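Colleague: A single structure is presented below for examination.
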């Protein structure tokens, strides 16, 4: 734990569609106190902020009070770093543009910063994880969706409006799978998220009715990326084909991203990473095969070093250390 000096702690808050998790973190990435509240329970934003305040206040007092807290960092869907607003987040109940940083700062009496959850993960990785010491890398989050954060020259790329880095919505297969949320076809997210792995498994079973597979023991509703992984571990050929297909598309996309920003590393994070070499090996193979020679064998492809349960809090808290 950090020495108890003024501004020695940061608060990290991660707002998800279902739950909000939070913790108090020192500059080395140690989480001293943590907690959670429901996000979806609160239709009225002010009631949610009141509950957040009431839940965090005992933790702040345990850390020594506001004088020992440098600020509050927040990761949230559609979070805009420049304006401190959440803008039209589809999985939150509060609609429109939400001036979250203003409301949080007013309620807590502490400075605050906000960005989207994937950007927060990238900042957290740079400060506490596998990217420590790196100035150029791309963080790819492989969960229910595909998120990303791009660090170049030691700075997170926000773009002119605060929304840069939506690599998961790049079209990688023209006229490909429909993305129900955006209406786009063929985006990376529709293939390389946990949701995409499930869709691929179902498609391959339908296209290869003669091929036996452990996956056929499950109903379509029961199939998820963990089931596919469990079957692959048992040597199931069709399940392994699912990961090979997913990795081929992900690797092709990563090659495009590398040729755009020439990072030192691409760091993979999220539930799909639990598949280990089943996803890593085909991704690496396809990535190298689609790179120009000047980029080949230069970029590390590695898994995050942050614990999944801690990463959201750590990533959000890392925003605080740059607050003036």
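Colleague: For region 293-308 and region 162-204, what is the separation of their Cα centres, given in Å?
Modeller: Between the Cα centres of region 293-308 and region 162-204 lies a distance of 22 Å.
Colleague: Same structure again: How much length, in nm to one decimal, is gained on full extension between residue 289 and residue 203, taken as 0.36 nm per residue of separation minus their Cα-Cα distance?
Modeller: Full extension of this stretch gives 28.4 nm more.
Colleague: Sticking with this one: Note the listed values (i) 115; (ii) 141; (iii) 172, then indicate which one is volume of the Cα convex hull per residue in Å³ calculated from this particular structure.
Modeller: Entry (ii).
Colleague: Could you give the angle, 0 to 90 degrees to the nearest 10, between helix 308-318's Cα long axis and the longest principal axis of the Cα atoms of the chain?
Modeller: 50 degrees
Colleague: Report, please, the projected area of region 133-305 averaged over directions, based on the convex hull of its C-alpha atoms, in nm².
Modeller: 10.7 nm²
Colleague: On a 0 to 90° scale, report how tilted helix 194-207 is relative to the longest principal axis of the chain, with both axes built from alpha carbons and the result rounded to the nearest 10.
Modeller: For helix 194-207, the angle is close to 10 degrees.
Colleague: Along the Cα→Cβ direction, 7 angstrom out, place labels at residue 297 and residue 259. What is the inter-label distance in nm?
Modeller: 2.0 nm
Colleague: I would also like to ask the following. In nm, to one decimal, how far is the modelled label at residue 54 from the one at residue 18, with both set 7 Å along Cα→Cβ?
Modeller: 2.4 nm
Colleague: How large, in Å, is region 230-305 by the Kirkwood hydrodynamic radius built from its alpha-carbon pairs?
Modeller: 12.7 Å is the Kirkwood radius here.
Colleague: Working out 0.36 nm times the residue gap between residue 40 and residue 324, then minus their Cα-Cα distance, what length gain in nm do you get to one decimal?
Modeller: Contour length minus Cα-Cα distance gives 99.0 nm.
Colleague: On a 0 to 90 degree scale, rounded to 10, what angle separates helix 237-261 from the longest Cα axis of the chain?
Modeller: Taking the Cα atoms of the chain, the angle to 237-261 is about 60 degrees.
Colleague: Roughly speaking, what is the stretch gain from residue 308 to residue 234, that is 0.36 nm per residue apart minus the C-alpha to C-alpha distance, in nm to one decimal?
Modeller: 24.1 nm
Colleague: Modelling each spin label as a point 7 Å along the Cα-to-Cβ direction, I'd like the residue 67/residue 160 distance in nm, to one decimal.
Modeller: Each label point lies 7 Å from its Cα, and together they span 4.7 nm.
Colleague: Here's a follow-up. Expressed as a whole number of Å, what is the distance separating the alpha-carbon centroids of region 1-72 and region 251-279?
Modeller: After rounding, the separation between the Cα centres reads 31 Å.
The numbers here are math on the coordinates, done by the rules we state, and not lab data. Just so it is clear, the model here is predicted, and its values are computed rather than measured. Please note: Cβ atoms are built from the backbone with ideal geometry, for glycine as well, and neighbour counts cover all protein chains shown.
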